[in-house]
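A.B. asks: Sharing a structure with you now.
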Amino acid sequence: MKFIVNRNEYICRRIFCIGRNYVEHIEELGNDRPASPVIFSKPPTSLVPAGKTVRFPRCGETPHFEIELVVLIGKDGIPASTEEAVSFVGALAVGYDLTLRETQNRLLSKALPWDICKGFDDSAPIGNFSAFSGTADDLAALQFSGSINGTLRQQGNTAKMIFPIPELIMEISKYWELKSGDLIYTGTPPGVGSLSAGDTLSATDHIGNTFSWQLEKQL
Ligand code: ZN
């Protein structure tokens, strides 16, 4: 999927995601606070641009919503420090990490990988990007929110992250050399819940732009 940011074209080839990055969300799901960032991934084919329909999962399980701030990596390389990691943030957006929670709990109980509960088709609705050229302090003061059928359900602020965005970038780059166009879903604040077929999902980003998607009615 291509993104246009400041007239530059980005092609997304990888989506990294962070789990359990907000204390209140860890508590609502009864999970343990991680000693280091929990990293998983989705395929780029899971992305859904704003205004499009999110297909209902063909497995028949209703997805849960998780609103998240999303980082677009703007250049190739391996940052040497958290200070340098800030310069790898090319743009920001807001998106949903849709999750098959029942399947996830089943996989968790057997210590199996999360691919099917997190990386299924259309599991990553994403709003438009806005270019970023700020500081680490700017990255730690980003507000965003998610509404379902017009009702506010989740409000997040990156100030409440356990691992701030530059630390997430450092952790990911221990394993993968960063590539321009990589996305990082940075974890969800509290308030997650189940969707219903036909629901309208809306997401408001850090500069007040709102984007919407509709979950397909189950056949
Ligand atoms: Zn998530």
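A.B. asks: Using Cα pairs closer than 8 Å and at least 6 residues apart in sequence, work out the relative contact order for the chain, in percent. Spell out each step's value before the answer.
C.D. replies: Numbers: 519 pairs, mean separation 71.0, N = 219.
Dividing the mean separation by the residue count of the chain yields 32 percent.
A.B. asks: Right, next: Going by Cα centres, the range 72-128 and the range 132-148 are how many Å apart?
C.D. replies: Comparing the Cα centres of the range 72-128 and the range 132-148, I get a distance of 16 Å.
A.B. asks: Right, next: Do you know the relative contact order of the range 1-91, to the nearest whole percent, from alpha carbon pairs under 8 angstrom that are 6+ apart?
C.D. replies: Here the relative contact order equals 21 percent.
A.B. asks: How large is the charge dipole for the range 156-219, taken about the Cα centre, if only the Cβ atoms of Lys, Arg (+1) and Asp, Glu (-1) carry charge, to the nearest 20 debye?
C.D. replies: About 80 debye.
A.B. asks: What are the ³J(HN,Hα) couplings of the range 149-164, residue after residue, when phi is run through the Karplus curve with 6.51, -1.76, 1.60 and θ = phi - 60°? Round to Hz, x for glycine and proline.
C.D. replies: 6, x, 9, 5, 10, 9, 10, x, 9, 5, 4, 9, 5, 5, 10, x
A.B. asks: Would you kindly find the accessible area of Thr151, with a 1.4 Å probe and non-protein molecules such as ligands, DNA and RNA excluded, rounding to the nearest 10 Å²?
C.D. replies: Number for this one is 80 Å².
A.B. asks: List the extent of the Cα atoms of the chain along each of their three principal axes, largest first, rounded to whole Å.
C.D. replies: Principal axes ranked by extent give 48, 39, 28 Å for the Cα atoms.
A.B. asks: Apply the Karplus parameterisation 6.51 cos²θ - 1.76 cosθ + 1.60, with θ equal to phi minus 60°, to every residue of the range 90-97 and state each ³J(HN,Hα) to the nearest whole Hz, in sequence, with x for glycine and proline.
C.D. replies: Karplus values, whole Hz, x for Gly and Pro: x, 6, 10, 8, 10, x, 10, 9.
A.B. asks: Something else: Return the long-range amide H neighbours of Val70 (sequence gap of 5 or more, or a different chain), with a cut-off of under 5 Å between placed amide H atoms.
C.D. replies: Ala93, Val94, Gly95
A.B. asks: Give me, ordered by chain and number, the residues 5 or more places off Arg153 or on other chains with an amide H under 5 Å from its own placed amide H.
C.D. replies: Gly146, Ser147, Ile148
A.B. asks: Of Val71, Gly193, Asn209, which is farthest along the charge dipole of the chain in the positive direction, counting Lys and Arg as +1 and Asp and Glu as -1 at C-beta?
C.D. replies: Among Val71, Gly193, Asn209, the one farthest towards the positive end of the dipole of the chain is Gly193.
A.B. asks: Take each of the peptides 29-36, 188-195, average the number of other beta-carbon atoms within 10 Å over its residues, and list them starting from the highest.
C.D. replies: 188-195, 29-36
The values are calculated or read from the model by the stated rules, or taken from the named source; none is laboratory data. Owing to the predicted nature of the structure, the values given are computational and were not obtained by experimental measurement. Cβ atoms come from the backbone with ideal geometry, glycine included; neighbour counts cover every protein chain shown. Side chains are part of the model used for accessible areas, which takes the heavy atoms of the whole protein and leaves out ligands, DNA and RNA. Shrake-Rupley method; radii C 1.70, N 1.55, O 1.52, S 1.80 Å.
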